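Worksheet: the structure to be examined is printed underneath.
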Amino acid sequence: MNDSFDSKEFRQVLGHFPTGVVIISGLDGAGKPQGLTIGSFSSISLDPPLVGFFPGLNSKSWPAIAESGFFCVNVLAASQSDLCWRFAKESEDRFNGVDWSNSPNNSPKIAGAVAYIDCAIESSSQIGDHLLIVGRVQSLEAVAGAGSPMVFSKGAVVTTSQLT
Ligand SMILES: Cc1cc2nc3c(=O)[nH]c(=O)nc-3n(C[C@H](O)[C@H](O)[C@H](O)COP(=O)(O)O)c2cc1C
C-alpha cells in the first residue's frame, strides 16, 4: 500500500457509509454449508438480473462456496446481530445450531432473514485485494412479516434513529 495512505483512516471514513448486511451462503464440495458476512452487497443490473459483492482474497469460505457454482444472499433482519458476528468470526462450523433450509439452487437459506436471492455465479474478477463476484439471479423472495433489515454503520449494527 502507498506509504502516505492510512488504512485505519480509510476504514474509519468508509465506515460512515451505512450498508445492509447479508450472509452469502452455499454448499462446499462435501455438501457442508458455508457462509460469510458481507456488507459490500449490491444490486447491479435488471436486464439481465445481476447482483454482486466483494469477498477478500483471503476469504476461506468463498472459494469453498464457489466450487458449487451457486450462492444464496441472505439479507439479515435487524434482530440477527448474533448471526452477523458469528459469520464474520473464525469458526469450524458457523452453521452449528443455525436453522436453515435449502434454496431452489440448493444453497442454505438461513431462517429469519428478510429476503433471499438465489444466484448462479456469472463472473469473478480480482480488484485490488478483493474479488468482484457477479451473480445471475435465479429466484428471489422477500419474507412477509420478517421485520426490518439490518443496517451497519461505523462498525456497529444500528437502528435507523442512530443514523446521525
Ligand atoms: C458487517 C460486516 C460486513 C463485512 N463485509 C465484508 C465484505 O464485504 N467483504 C469481505 O471480504 N469481508 C467482509 N466482512 C468480514 C468477513 O465477514 C470476515 O472476514 C469473515 O471472517 C470471512 O470469513 P471466511 O474467511 O470464512 O470467508 C464483513 C464483516 C462484517 C461484520
Q) Peptides 86-95, 115-124: what's the order by average Cβ count within 10 Å, highest mean first? A) 115-124, 86-95
Q: Find which of Gly145, Ser91, Ser103 sits farthest along the positive direction of the dipole of the chain, computed with +1 on the beta-carbon of Lys and Arg, -1 on that of Asp and Glu, about the Cα centre.
A: Gly145
(Q) With the cut-off at 1.5 for a/c, could you classify segment 9-154 from its C-alpha gyration tensor as rounded, prolate or oblate? (A) rounded
Q: Please work out the Cα center distance from segment 28-79 to segment 84-103, rounded to the nearest Å.
A: 13
Q) Based on Cβ point charges of +1 for Lys and Arg and -1 for Asp and Glu, what charge dipole magnitude is obtained for segment 1-112 about its Cα centre, in debye rounded to the nearest 20? A) 160
Q: Choose one answer from Val22, Val73, Val98: the residue with the largest mean-square fluctuation in a GNM of the chain with alpha-carbon springs under 10 Å.
A: Val98
Q) What percent does the relative contact order of segment 1-154 come to when contacts are Cα pairs within less than 8 Å and at least six residues apart? A) 29
(Q) I want to verify the translational diffusion coefficient of segment 40-118 in µm²/s; compute it with Stokes-Einstein, Rh as the Kirkwood radius over Cα pairs, at 37 °C and 0.692 mPa s. (A) 237
Q) Across the chain, how many lysine pairs separated by 8 or more positions, or lying on different chains, have Cα atoms within less than 21 Å? A) 9
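Each reported figure results from applying straightforward, stated rules to the coordinates on display, with no laboratory input. As the structure is a computational prediction, the values presented were derived from the model and not from experiment. We place every Cβ from the backbone using ideal geometry, glycine too, and count neighbours over all the protein chains shown.
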